[in-house]
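What follows is a set of notes on a single structure, which appears directly below.
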Amino acid sequence: MQLPTYFTDFLNAIRPTPSQRDEMKTGHTVLRTRLNGDKDLAHIIVTDFLQGSYRRSTAIRPKGDKRSDVDIIVVTNLHEDDYDDPKDAMKLFEPFLDKYYKDKWEPQGRSYGIKLSYVELDLVITSAPSEADAEKLKSKSVRYSDELETVPDWRLVPSWIPPSERTSNFAEETMRKSASEQVWRLSPLRIPDRDAGDWDDTHPLEQISWTIEKNQRCNCYYINVVKAIKWWKRINDSLPKYPKGYPIEHLIGDCCPDGINSIAQGVTETLEEIVRKYKFCAATKTVPEMPDHGVPGHDVFHRLTGEDFAAFYNGVCGAANIAREAFDADTVKKSADKWRELFGDKFPPAPDDGRSDDKGGGGSGPYYHKGYTKREEVSEPLPERYA
Amino acid sequence: MKIRGNKIRKPAPELSDELRAGRRSLEGLIGVEILEDFSWNGVSGKWILRLRLSPENLAECEYVPAATEWYAFLSPKYPRGKIKLKPAAEHGLIYTFPHQAINLPIDDRARWRTGDLCVDKPGSIFGRQAFTDEPTDAGGRLSWHIQRALAWLEDASADSLFKYGDPFELPQFDSYVETLEKVVFAESDISYNYWKEIDENAGVVEFYKLRGVYTTYFTKGFFRIGETSTLAPDWGNAITEKVRKSDPPIRGIWIKLKEMPVIPPWQAPTTFEELRNICRSQGIDLDEEMYRIYSHPNIGDSIGRIVLIGFPIPEKVGYDFEQYHWQALKLPEFKGSDANIKKIKKSRHRRQTQIAYNRERFLRNNLKLDWLISENWFPDQIRSRGTLPEEVRAKNILLIGGGSLGSMIGELLVRGGIDRMVVNDFDLLKVGNLVRHTLDLRDLGLNKADSLTERLNLISPFAKIDEIEESFLDLSQRAVERIKECSLIIDCTGDNGVLQELAEFDFDSDVIYLSVSINLGAQRLYFYASEGSKFDFNDFRERIFPWLSIDRTNRISIEMPSEGIGCWHPVFPARSDDMWLFASIIIKRLINVSSVSPVESVLEVFEQFYSEEGEFLGVGLAELSNYNNQQNEKAA
């Protein structure tokens, strides 16, 4: 069974908590405000925006005491010619970090990690983009800093306006105009590579666009399917550490069919598709190629080993079976029990009181479908407590 | 009266786990589909869920579509708080059924209608099976409600919401305007016979008007034009005595229907057009009848705005009709130029135009009906809980003494259904009395009998309690005549002089006498009863003497409080709980005594028992023999 209300509550339990989301929002808002206000950096910053699973609404609750992550990208006008080694460009930001985040920041290869009490901000800088792109990167649709889940109509177009600003007739008209605009296809941005020895391509906006378009094709269930499967991976200790994070998301995106009508359907069919598609790869312990949506030259799976992929694949096989059983189950209790096998305790339990043997009415009371007794007597008022 | 909450929108709280569990419990129920998950309604302060209900066993019925949409309203405190189900404005139920509030649209923008379902009344049974009691847990309660709603729909489609033998229910007569007025009448199976016999469809009704939180109109009498006989309920003093001779009469019209006015399935009429049609279908021309009354030369001008629509109803569903119910309607105000309508001339050729004029000018078809709250206060209707037996209620009682015990006995008697009583006391209420009396600060310095009578008359709409403010030892002839009508005399004076005076009375038939008093410290109640045409004081004295002796020997050790500085006057120390305890015992013994005939003279003594540590153990009959032994032991 699809149990939509159960999945609604499950997702509520695995997405970052309201306080975590508040902290994430405060964290990135303050950082970006400070960046834009810093007189030393003001002349080199073109714009900034959010990327990562937080922006794409595919983030799940951090494990245990871990901090939630927010990824911020700062577009600069520093030319690559002047900064052969990205580290030199990055260093320009260090006085700022010392000023506001003393002892809390550290370089992490391609970015700076800022560890606040509950949130970890990941700050990446880019080199100068083309002039045309630079203007577009300053638009509202790029800079919109809330989760995509909150704006199902987001599109990377010039006239898109955030919901909070759509209060006037002018704003509404502009939004209407945006519906007919073509989505921008920007060039990739250039950020330090993992070892910060050179500049490399990245295209977060394309990933974001791709995600939201996929979500729309999936009746808005896609991002929840991503979260659900990520959670399955998280609680499954028998699976290898990798793949995790964006690579898993990418894999799900490739395998999730369009037009799904529920999260349950999405999860089941995605897992089954993975099983179908990569049988050969798993058997031969080869890692399939996963071209990145924004930078096709990048292989999202390039750091995955064949061993790990095969082990992961086996895990998916088992999960797909359980999911199918859960999906096809004919009572609420049987279905919920199976989903709980897959997702753990955060998936709500079905009530347990012998109602489960009702045909299709599982979860209903013993008083609706267990056959009728013809009533003969007249209604007697039930005794109550009086005062 | 419609009570509306304030319009401040409450901000959305977090959706609780209990609400989530409640909503999940609907998963898998056959015939239930959640169309829209919880959304917060700030105006009502509730979470709402939009559902589609498609019961499996719906009968073919034009009033109930196969699938209907509903809004469920849940409190943020779910599973506590109310659960309401309202039909959606679109794709919802549009008719009104039994066990449902009147189901009307609210306005163009509202998402739901007014017809709340009543599925949680205890004892009401829906569907062909009995439901378990309403669960109180999060997973069970909402599911139970929705399943009851499904069963309700099935019953509604099969026209079986009312089951033979169920208590009869009226449809909801909706008020159009918020009004603090109500109409009270008194109808029974006896008056039903009267109504059955008469031919007229309409007449004049007179009211008593009482102001309070509600302005209440009590039906004083129902008149038929051209006839002298009336039907007049026997209201009590509190209602009838408020009228001054100079007050103009308050009148309205009564119209008698053959059947309850209902638009199928169960909707009370809401407009004049609907009411007219219903009357017409019963062979009654509403306008014609009203015209006839309003145009009457003598009375027409005095008729006000209240119309009583009467119809017969049974006690239980399926039973024969047993009594009439009058549902009051308030007509719209006659505006200046319309005032001429009242002075309608009786000329024939203008008759039809006048009726048409009424109908079009101020009783327009689309005008909403302003129903008033209408209640039947016939004693059986309002006293279904706790009345004294018939043998006691049939007595004409004299209560001598409006002190502590007397005030409480009076109160218990009238609350128990005594309507005819006369209270006698010459004394004034003092502040020291308040410790154990039913009167209050407002009555200080006033005659106790007078104040008690006023209070007692306000306890029951039928109470006709009179007072005699004279001393019993010095009664006027009128007082004596009134006393001689009594069949039960209760002396609560503790005064031998009164009893001696009572012994002088010669009653025409046997009278029951009770003399009740308390000993000092309120440890004992002396309950004396006898019957006869004369009160035997000697018998009383002989029986009580031994008990009083016991008291005398004990009294030396008890310190006697005084009334205050000045004249030393013994005041007995007793609290209200002691007095109420004994007053209740007196009533209970009175019930026993009234059921026996003749009453053998007896003195019973009830005593409070305490343990050595002073713990209250109870009250019971005390025997003289126990005390005699004690006396002998003491002497010895």
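The values are calculated or read from the model by the stated rules, or taken from the named source; none is laboratory data. Since the structure is predicted, the reported quantities are computational estimates derived from the model, not experimental observations. Cβ: placed from backbone, ideal geometry, glycine included. Neighbour counts: every protein chain shown. Note: areas computed on protein heavy atoms with side chains; ligands, DNA, RNA excluded. Shrake-Rupley method; radii C 1.70, N 1.55, O 1.52, S 1.80 Å.
Data overview
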read-out	value
Residue within the stretch B:154-163 that is open to solvent by less than 50 Å² (accessible area, probe 1.4 Å), at pLDDT 90 or above and within 14 Å of chain A (Cβ to nearest Cβ) present	yes
Near pairs, Cβ below 9 angstrom, 6+ apart or cross-chain, from the stretch A:1-16 (more than 8 Å from chain B (Cβ to nearest Cβ) and assigned to a helix (DSSP H, G or I)) to any residue that is among the β-branched types (Val, Ile, Thr) and buried (at least 19 other Cβ atoms within 10 Å of the Cβ)	A:7/A:263; A:7/A:267; A:10/A:263; A:11/A:263; A:14/A:60
Complete set of residues in the stretch B:65-106 that are among the aromatic types (Phe, Trp, Tyr), surrounded by fewer than 21 Cβ atoms within 10 Å (Cβ to Cβ) and part of a strand (DSSP E or B)	B:73
Qualifying positions in the stretch A:58-72 - part of a loop (DSSP other than H, G, I, E, B) and at pLDDT below 90	A:62, A:63, A:64, A:65, A:66, A:67
Single match in B:274, B:259 (criterion: closer than 29 Å to residue B:63 by Cα, in contact with a Pro (Cβ under 9 Å, 6 or more places away or on another chain), part of a loop (DSSP other than H, G, I, E, B) and among the acidic types (Asp, Glu))	B:259
Members of the stretch B:549-594 found to be open to solvent by 70 Å² or more (accessible area, probe 1.4 Å), at pLDDT 85 or above and over 18 Å from residue B:618 (Cβ atoms), listed by number	B:592
Residues (part of a loop (DSSP other than H, G, I, E, B), touching an Asp or Glu at 6+ places or on another chain (Cβ under 8 Å) and more than 19 Å from residue B:90 (Cβ to Cβ)) located in the stretch B:21-55	B:30, B:31, B:55
When residues of the stretch B:164-180 are limited to those that are more than 11 Å from chain A (Cβ to nearest Cβ), open to solvent by 10 Å² or more (accessible area, probe 1.4 Å) and under 21 Å from residue B:264 (Cα atoms), the one modelled with the lowest pLDDT	B:176
Residue in the stretch B:463-482 that is crowded, with 17+ Cβ neighbours inside 10 Å and under 18 Å from residue B:587 (Cβ atoms) present	yes
Candidate set: the stretch A:202-211, residues that are open to solvent by 10 Å² or more (accessible area, probe 1.4 Å) and within 16 Å of residue A:157 (Cβ to Cβ); chosen: the one farthest from the chain's Cα centre (by Cα)	A:206
Filter result (in contact with a strand residue (DSSP E or B) (Cβ under 8 Å, 6 or more places away or on another chain) and polar (S, T, N, Q)) within the stretch A:298-325	none
Where a residue in the stretch A:275-304 is within 17 Å of residue A:253 (Cβ to Cβ) and its partner, wherever it lies, is surrounded by fewer than 11 Cβ atoms within 10 Å (Cβ to Cβ), with Cβ under 6 Å and at least six apart	A:299/A:289
Unique match (being more than 13 Å from residue B:149 (Cα to Cα) and more than 13 Å from chain A (Cβ to nearest Cβ)) among B:14, B:60	B:60
Any hit, the stretch A:298-318, residues being away from chain B (no Cβ under 14 Å), open to solvent by 50 Å² or more (accessible area, probe 1.4 Å), outside any loop (DSSP other than H, G, I, E, B) and modelled with pLDDT of 90 or more	yes
Selected residue [small (Gly, Ala, Ser) and facing chain A (nearest Cβ under 10 Å)] from B:45, B:28	B:28
Within the stretch B:36-59, considering residues that are among the small types (Gly, Ala, Ser) and farther than 19 Å from residue B:82 by Cα, the one surrounded by the most Cβ atoms within 10 Å (Cβ to Cβ)	B:54
Residue under evaluation residue B:522, criteria (1) open to solvent by 70 Å² or more (accessible area, probe 1.4 Å); (2) touching a residue at least 12 places away in the same chain (Cβ under 8 Å), criterion not met	(1)
Hits in the stretch B:107-118 - residues which are assigned to a loop (DSSP other than H, G, I, E, B) and over 32 Å from the mean Cα position of the chain (by Cα)	B:107, B:108, B:109, B:110, B:111
Test: residue in the stretch A:53-67 that is buried (at least 17 other Cβ atoms within 10 Å of the Cβ) and acidic (Asp, Glu)	no
Residue check, residue A:82 assigned to a loop (DSSP other than H, G, I, E, B), without any contact (Cβ under 8 Å) to a residue 24 or more places away in the chain and farther than 28 Å from residue A:65 by Cβ	yes
Residue A:124 being out of contact with any Gly (no Cβ under 8 Å at 6 or more places or on another chain), of a type in the set (A, V, I, L, M), open to solvent by less than 30 Å² (accessible area, probe 1.4 Å) and closer than 14 Å to residue A:200 by Cβ	yes
For residue B:515: the one exception among (1) in a strand (DSSP E or B); (2) of a type in the set (S, T, N, Q); (3) surrounded by fewer than 22 Cβ atoms within 10 Å (Cβ to Cβ)	(3)
Residue in the stretch B:132-144 that is modelled with the lowest pLDDT, counting only those that are under 33 Å from the mean Cα position of the chain (by Cα) and either open to solvent by 30 Å² or more (accessible area, probe 1.4 Å) or away from every other protein chain (no Cβ under 11 Å) (or both)	B:132
Some residue of the stretch A:36-46 being at pLDDT 90 or above, exposed (fewer than 14 other Cβ atoms within 10 Å of the Cβ), among the hydrophobic types (A, V, I, L, M, F, W, C) and over 17 Å from the mean Cα position of the chain (by Cα)	no
Filtered residues of the stretch B:181-195 (kept if in contact (Cβ under 8 Å) with a residue 12 or more places away in the chain and either open to solvent by 20 Å² or more (accessible area, probe 1.4 Å) or within 14 Å of another protein chain (Cβ to nearest Cβ) (or both))	B:181, B:182, B:189, B:192, B:194
Odd one out for residue B:217, checked against (1) more than 20 Å from residue B:320 (Cβ to Cβ); (2) open to solvent by 30 Å² or more (accessible area, probe 1.4 Å); (3) among the aromatic types (Phe, Trp, Tyr)	(2)
